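Have a look at the structure below, then the notes.
Any read-out appearing in this document is the output of simple, stated calculations on the displayed coordinates, not a laboratory observation. Bear in mind that the values here come from a model prediction, so they are computed numbers and not experimental data. Every residue, glycine among them, receives a Cβ derived from its backbone with ideal geometry; neighbour counts consider all protein chains shown.
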Amino acid sequence: MNQKRKPAFAGRGAHLQYRVLMALFTLAMTRGLYGRFARGLGRFFDPENAVIVDIGGAAPFRVRLADGYWTRFALRGPPYEPEIARVMAAAEPHTDCFVDLGANTGFWTLKAAKLFQRVIAVEAGKKTFRRLRENTDCLARVALHQAAVHACSGRQLRFVTPELSHASARLSEDVQDGAGGSEIVETVSVDDLVPEGTAALIKLDVEGAEVAAFDGAARAFADGAVFIYEDHGGDPTCEPSAWLLSRGGFRLWSIGKMPMEITSTAQLRTLKKDPYKGYNFLVAQDGTPLLSAILDALQSADRIANSEDRFRKDP
């Protein structure tokens, strides 16, 4: 995600805030410390100050400079979840529909709009949804929904956004939960979002509501959907993957350097080494053509890359 062009700035004093933030970045030894620096600095500047960055030919991505999550990747971090970009590129010739569930401020929505004819983006939090709309307003092929993805549509649930990280927002079944940064949102199921008969590529990142989302996706799975979903390193039970494996009929794959089929939670736990990181996996029903096409493309790309590496190493 490191931009190759110089970033543009929006807001009063945004360039100064950026320069100070970059200086503070060199002092931050951990992700948490950097986030505190970014949020603390943001209290002294216009909250609308933003940097507009290039993310590889997609529409520009606007990031608030007080955002300790996205500025870390947009301005200084390593490429953001490159395995998702590889899956999207592999899927693009075989489906025209991408669904971004838990779209946050729109990074993957923007990327998808360059590749797919139809893009559906869903975000529950009111403030984050406003940022998502701001980033995607210029894109005619993107349909936005402010809702929480769950097993069925039309329920009212509480959505809690921690003060320290909008990227860790979660659903609460307790509508009386008065936690700070909470709001009531309406739910929507995957089957009510994805057009019938569509073999969509679906990115699912809903911070603990994955099982409920899968439960509401029976028809989408049957229509040939492939999900990129997160199984967090901090969850030793591997809840979403364990749920899928217990149902039978699903194929799960890791999407690291070389795709590998997952057949047990014990195997998953060996892959999830960082308790603070979300790990991405693929799942689809057994025999799904889109999954086969994606895996073929990923494996071919890996074979080519490995051959090139060996060629460079040969004397």
In nm², what is the average projected area of the convex hull enclosing the Cα atoms of the range 195-307? 7.1
If you average the C-alpha positions of the range 8-45 and of the range 207-278 separately, how far apart do those two centres end up, in angstrom? 35
Per residue convex hull volume, Cα only, the range 40-156, in Å³ is 124
In the chain, what % of DSSP beta bridges are antiparallel (nearest 5)? 60
Work out the count of Lys pairs in the chain where the Cα-Cα distance is under 23 Å, with the pair 8 or more places apart or on different chains. 20
Normalised contact order of the chain, rounded percent, pairs of Cα under 8 Å and 6 or more residues apart: 13
For the chain, return all DSSP H helices satisfying: extent of Cα atoms along own axis at least 18 Å; mean Kyte-Doolittle hydropathy at least -1.0. 289-313
Mean Cβ neighbour count within 10 Å, used as a protection proxy, ranking 213-220, 275-282 highest first: 213-220, 275-282
How far apart, in nm, are two points set 7 Å out from the Cα along the Cα-to-Cβ line at LYS257 and at ILE184? 5.2
Counting other beta carbons within 10 Å of each Cβ, put GLU134, GLU210 in order, fewest first. GLU134, GLU210
What is the range 8-76's relative contact order, in percent, from Cα pairs under 8 angstrom and six or more apart in sequence? 36
Could you check the spin-label model distance between LEU33 and ARG130? Points 7 Å from the Cα along Cα→Cβ, value in nm. 3.3
Of the peptides 48-54, 6-12, 83-89, how do they stack up when ordered by the mean number of other Cβ atoms within 10 Å, highest first? 48-54, 83-89, 6-12
Calculated P(r) tail over 20 Å for the range 8-76, as whole % of Cα pairs: 21
Put +1 on the Cβ of each Lys and Arg and -1 on the Cβ of each Asp and Glu in the chain; which of VAL190, GLY256, VAL122 then has its Cα farthest toward the positive end of the dipole? GLY256
Ratio to report: Rg/Rh of the chain, with Cα atoms as the point set and Rh obtained by the Kirkwood method; give two decimals. 0.96
Cα-centred dipole magnitude for the chain, charges only on beta-carbon of K, R (+1) and D, E (-1), debye, nearest 20: 1520
